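Engineer: Have a look at this one.
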Amino acid sequence: MNIGVVGTGYVGLVVGTCLAESGSDVMCVDSDEKKIQSLRRGKPTIYEPGLEELLRKNLQEKRISFGTDLEMPTRKSDVIFLALPTPQSEDGSADLKHVMEVVKKIGKHINGYKVIVNKSTVPVGTATQIQKILFEISSCECDIVSNPEFLKEGAAINDFMKPDRIIIGSRSPRAIRIMQDLYAPFVRTGNPILVMDDRSAELTKYASNAFLATKVSFMNELANLCERVGADVDLVRKGMGSDPRIGSQFLFPGVGYGGSCFPKDVSALSRIAKEHDYEFKIVESIRSVNAYQKKILIQKMKQYFGKRLSRCIVAVWGLSFKPNTDDVREAPSLTIIEELLKRGVRVHVHDPVAMNQARKILGASVKYFENNYDALKGTDALLVVTEWNEFRRPDFERMKSLMRRLVVFDGRNIYDPAVLAEKGFTYFGIGRGALNAES
């Protein structure tokens, strides 16, 4: 099958590469010439484990190509995926400018029946809008399908190749058959392809992300309560997660969620509700809880250091919003660092892969270190903000030889408080309270 993918960002590049791996001929299009040149050399412009190797393989076997011209992929493709940014507008809604601009361009080149697949996260009713635009521009028949993505950054290749479920939102039997055929290689183990109308598919994406954000926010609220009543949130989490009705995923408290999906999609769902005269109270609470949680380590530091905080040097381990990605969009680390800088704190930072992305935002306001231990030299505290595996088993004796004060603020609860106290550190976790060598 001939596939076109418009947009080579995170979603588009993963979708295009994985479809090429399944045997389809894929043409990817992007307006960014520099990005296209990099991709033609087999160099992804995003960090995702396993993606570069898969891209190089399919380039070599000539199953995937890259360009900036929409005409050829529109004319040659049977299915055209739209994987375009839908950034958050000032009112919280999803901005469809990029999507609609591309749809109008596609409409000028359509030369026969096409299936236009919306991979972008878009408000309910977008498929209808796209269909109307194409009907006005082109006389050729085409069907619009809503096919939301459920790719976790850091595990996107596996998520696409072995999906939990695939959602096809369309009322067209012809388009549904084509999409089922396209995805057949990925569901051989029996995971479902769920067929529904386009509006239900569009809302499913928002509902899924908002519910996961609810679980995260609930645990963060619970962690804050645990500290006040003297409970350990890690034990509470295990007790809750053992119930199959609840499950263990997304029950880890921390310093709030970030990334390109949860913040934007929660805001967009709230806006969709308001546009239909409904106040989605839980969604509004999620947003406020997350904003509060991103500053929870600052509160702990203020309580511990008091007026001395402005004279401190601190190290921040972890800048990306989650491990195994270089994505710093809406990352809690940025909020934390901004608050520290406001208070006159000098900040040393380290991240295994997100340093370059962070530099674009933080500039020269912080000091960057390629080695996590080097970032500790002369510091008064360590803040662990992203739970990269390489941070989980550090050399505590080496840390003691580098730090001026032995204080750890563990924003992801990756350390055992008792172990750190035994080694002479004062420890602050999330939902665990404080523990030090004298406790």
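Engineer: Pick from 312, 28, 18: which residue has the top mean-square fluctuation in a GNM of the chain where Cα pairs under 10 Å get a spring?
Structural biologist: 312
Engineer: Tabulate in residue order the Karplus-calculated ³J(HN,Hα) for segment 309-324, using 6.51 cos²θ - 1.76 cosθ + 1.60 with θ = phi - 60°, rounded to whole Hz; enter x for Gly and Pro.
Structural biologist: Ordered by residue, 3J(HN,Hα) equals 4, 5, 9, 8, 10, 10, 9, 10, 9, x, 10, 5, 6, 7, x, 6 Hz.
Engineer: What list do you get for 21, 136 if you sort them by fewest beta carbons within 10 Å?
Structural biologist: 136, 21
Engineer: For residue 390, project a label point 7 Å along Cα to C-beta. Then give me every residue of segment 28-54 with its amide nitrogen under 17 Å of that point.
Structural biologist: Correct set: 47-50.
Engineer: On the first, second and third principal axes, largest extent first, how far apart are the outermost C-alpha atoms of the chain in Å?
Structural biologist: 77, 47, 42
Engineer: Still on this structure, I have one more. If amide hydrogens are placed 1.01 Å from N in the peptide plane, which non-local residues have theirs closer than 5 Å to the one on residue 145?
Structural biologist: When sequence neighbours closer than 5 places are left aside, the close amide H contacts are 116, 117, 118.
Engineer: With the Cα gyration tensor of segment 205-292 in hand, convert its eigenvalues to equivalent ellipsoid semi-axes via √(5λ) and list them largest first in whole Å.
Structural biologist: Working through the eigenvalues yields semi-axes of 25, 14, 11 Å.
Engineer: Translational diffusion coefficient, Stokes-Einstein: compute it for segment 42-88 using the Kirkwood radius over C-alpha pairs as Rh, at 25 °C and 0.890 mPa s, and state it as an integer in µm² s⁻¹.
Structural biologist: Diffusion coefficient, whole number: 190 µm²/s.
Engineer: Run the numbers on segment 2-195 and let me know its relative contact order in percent, using alpha-carbon pairs under 8 Å that are six or more apart.
Structural biologist: 19 percent
Engineer: A further question on this structure: In debye to the nearest 20, how big a dipole does the chain give about its Cα centre with +1 on each Lys and Arg Cβ and -1 on each Asp and Glu Cβ?
Structural biologist: With only Lys, Arg, Asp and Glu charged at Cβ, the dipole is about 900 debye.
Engineer: I've got another one for you. Just to be sure I understand the model, the point goes 7 Å from the Cα along the line to the Cβ. What's the resulting residue 32 to residue 194 distance in nm?
Structural biologist: Distance between label points: 3.1 nm.
Engineer: How would segment 2-195 be classified by its alpha-carbon gyration tensor: rounded, prolate or oblate, with rounded meaning a/c under 1.5 and the a/b versus b/c comparison settling the rest?
Structural biologist: Rounded, because the longest to shortest axis ratio a/c is under 1.5.
Engineer: Another question about this same structure. Using a 10 angstrom cutoff on alpha carbons, build the Gaussian network for the chain and name the most mobile of 251, 151, 341.
Structural biologist: So, out of 251, 151, 341, the one fluctuating most is 341.
Engineer: Using the number of other C-beta atoms within 10 angstrom as an exposure proxy, rank 139, 77, 401 with the fewest first.
Structural biologist: 139, 401, 77
Engineer: Let me ask you something else. If you take the charge dipole of the chain about its Cα centre, with +1 on Lys and Arg Cβ and -1 on Asp and Glu Cβ, which of 368, 72, 167 is farthest toward its positive end?
Structural biologist: Positive-most Cα among the choices belongs to 368.
Engineer: Exposure proxy check: 422, 338 ranked by fewest other beta carbons within 10 Å?
Structural biologist: Sorted ascending by nearby Cβ count, the order is 422, 338.
Engineer: For segment 414-423, just list the computed ³J(HN,Hα) in residue order, Karplus coefficients 6.51, -1.76 and 1.60, θ = phi - 60°, integers in Hz, with x standing in for Gly and Pro.
Structural biologist: So the J values, rounded to whole Hz, are 8, 10, 7, x, 5, 5, 5, 5, 4, 8.
Engineer: Taking a ≥ b ≥ c as the square roots of the Cα gyration tensor eigenvalues, with a/c under 1.5 meaning rounded and otherwise prolate when a/b beats b/c, else oblate, which class fits segment 294-435?
Structural biologist: Rounded, since a/c falls under 1.5.
Engineer: Once you have the Cα-Cα distance between residue 303 and residue 100, take 0.36 nm times their residue separation minus that, and quote the gain in nm to one decimal.
Structural biologist: 68.1 nm
Engineer: Residue separation times 0.36 nm, minus the C-alpha to C-alpha distance between residue 68 and residue 187: what's the value?
Structural biologist: Full-extension gain reported as 39.6 nm.
Engineer: Further, regarding this structure: Roughly how many nanometres apart are two label points built 7 Å out from the Cα toward the Cβ at residue 231 and residue 404?
Structural biologist: 3.9 nm
Engineer: Which whole-number percent gives the relative contact order of the chain, counting Cα pairs below 8 Å spaced six or more residues apart?
Structural biologist: Here the relative contact order equals 11 percent.
Engineer: How much net charge surrounds residue 296 when only other residues with a Cβ under 14 Å from its Cβ are counted (Lys, Arg +1; Asp, Glu -1)?
Structural biologist: +3
Engineer: If you plug each phi of segment 393-406 into the Karplus form 6.51 cos²θ - 1.76 cosθ + 1.60 with θ = phi - 60°, what whole-Hz ³J(HN,Hα) values come out, in order, with x for Gly and Pro?
Structural biologist: 3J(HN,Hα) across segment 393-406, in whole Hz: 10, x, 7, 5, 5, 5, 4, 5, 6, 9, 7, 7, 10, 9.
Engineer: Quick check: pseudo-label points 7 Å beyond the Cα along Cα→Cβ at residue 367 and residue 133, how many nm apart are they?
Structural biologist: 5.0 nm
Bear in mind that the values in this text are calculations on the coordinates, not laboratory data. These figures come from a predicted structure and were not determined experimentally. Cβ atoms come from the backbone with ideal geometry, glycine included; neighbour counts cover every protein chain shown.
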